[in-house]
Structures are given as C-alpha cells and as structure tokens.
Amino acid sequence: MAYSKGTLREHLPYIIAVVLSFIVGLLYGLSYSPHEAERVSKSVFESLSEIAKFIEIGSILAVILIFAKNALTAFISLIVGPFSPLIVAYNGWILGALYVYFSNLGKSTFFIAGTVPHGIVEIPALILSGSCGLRLGILVLRKLRYKFEGLGFELITSLKPTFKLFLISLLLFMIAAVIESFVTPIIIFITST
C-alpha cells in the first residue's frame, strides 16, 4: 500500500482541521469543573461497564471488541463526512473531562498510565479516520455543487488516496486495541504499585 508525499500533502488541510477539532474538544473537557467532570466520567464509566461485562482484559475477545468499537467510530466518520471533526472533538472532550476527574481524585498518574500506551496510536488513528470522513464529505459536496459534472471516474480517482489513509487508520486502531488489551493493564499495574 504505497503512500506518496503528494497524497499526504493533499490530506494535510483535513488532518490539521481534525487535529484542531480534537484540541478544542480536549481544552473544553479540561476546562470542566471537578463536579462537571465527575458527571461526564460517571456516564462514561456506566457505558464502559456494560461492555466490560462481556470481556476479560488481556484476551483476544477484548482486542476484537475494542477494535470493533473504534472501527465503528471510523466508519461513522466516513458516513457523516464533513461533520466528522465533531466526532473527534467529542473524543477530545471526553478525554479532557476524564483527566480533570482523575486529577481531582489525585490519580492523574493512573489516568495517564491507562490512556497513553494505546492513546499514542489510537488518537492518530482517530484523527486519520476523521480527516478521511471530512475529505470524503467535502469532495462529495463539491461534486454535488457542480451538479454531478464529471462525477464518475474523477471522484473515484480522487477518493482512492482517502481510502488508503482510512485503511491505515483501521490498522492503527487494531494495533491500539492490542496495546489497550495487553499492554495498558500491565502499565497500570506497574504504576499503581
């Protein structure tokens, strides 16, 4: 799967837009008061506890479910197109609010140990998939604006690099799921003892 510098240059404005949306979401979450952050965190914990009932950390099933959840987010980014930065901003917001919550409890080290190992791979994957959705949506809207003139081959050709980048994001999500399932729990254990 060759990926040229030109292709990356084509995607750069979309990647920058999505990175900025992540930063805005993160800063918004970090601006929460401890009370607001606790409310958001409890909501996140409730939804995660439903998933946790079915998996054992450090298992192949955990990898599959974590990857499936992240891949679903990536596909939703493609579907919502120009609104995909909102998905990325939402994830940044949750991350920021969770940091405030754990910091308020004096457990920022626990939070960092629980997010950084897989987050180093997962956040770039989220940004890549969001940028693919944004680019796809904008290209489709541009074609609709010109009333389908030249829509056929030209649109498909211009989308090939986007789908390559999307496949790279899925690969990164798989790597992040493996890390989250097998490595992150070990790092949490080491840092909490």
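The values are calculated or read from the model by the stated rules, or taken from the named source; none is laboratory data. Keep in mind it's a predicted model, so treat the numbers as computed, not measured. Neighbour counts run over all protein chains shown; Cβ positions are idealised from the backbone, glycine included. Quick note on the areas: whole protein, heavy atoms, side chains included, nothing else; ligands and nucleic acids left out. Shrake-Rupley method; radii C 1.70, N 1.55, O 1.52, S 1.80 Å.
Annotations for the structure displayed:
- Only one entry in E56, E38 is part of a loop (DSSP other than H, G, I, E, B), more than 30 Å from Y14 (Cβ to Cβ) and among the charged types (D, E, K, R), namely E56.
- Filter pass, S84 being in a helix (DSSP H, G or I) and either open to solvent by 80 Å² or more (accessible area, probe 1.4 Å) or at pLDDT 90 or above (or both): yes
- Filtering the stretch 140-154 for residues that are open to solvent by less than 60 Å² (accessible area, probe 1.4 Å), at pLDDT 85 or above and in contact with a helix residue (DSSP H, G or I) (Cβ under 7 Å, 6 or more places away or on another chain) leaves an empty set.
- From the list G106, G96, the one residue that fits, being farther than 19 Å from P185 by Cα and in contact (Cβ under 8 Å) with a residue 12 or more places away in the chain, is G96.
- Matching residues in the stretch 34-53 - criterion: being among the polar types (S, T, N, Q) and within 16 Å of G92 (Cα to Cα): S41, S43
- When each of V44, V63 is tested for being open to solvent by less than 70 Å² (accessible area, probe 1.4 Å), in a helix (DSSP H, G or I) and either more than 25 Å from N104 (Cβ to Cβ) or in contact with a Phe, Trp or Tyr (Cβ under 6 Å, 6 or more places away or on another chain) (or both), the lone residue that passes is V63.
- Matching residues in the stretch 14-61 - criterion: being closer than 16 Å to F102 by Cβ and within 17 Å of the chain's Cα centre (by Cα): L26, G29, V44, L48
- When the residues of the stretch 169-183 are filtered to those that are in contact (Cβ under 8 Å) with a residue 60 or more places away in the chain and within 13 Å of the chain's Cα centre (by Cα), the one that is most open to solvent (accessible area, probe 1.4 Å) is M174.
- Only one of the listed residues (L159, L134, L172) is closer than 23 Å to L12 by Cα and either at pLDDT below 95 or touching a His at 6+ places or on another chain (Cβ under 7 Å) (or both). That residue is L159.
- Some residue of the stretch 97-114 being buried (at least 20 other Cβ atoms within 10 Å of the Cβ) and modelled with pLDDT under 95: yes
- Residue list for the stretch 71-81, filter: under 12 Å from the mean Cα position of the chain (by Cα) and either among the β-branched types (V, I, T) or open to solvent by less than 50 Å² (accessible area, probe 1.4 Å) (or both): A71, T73, A74, I76, S77
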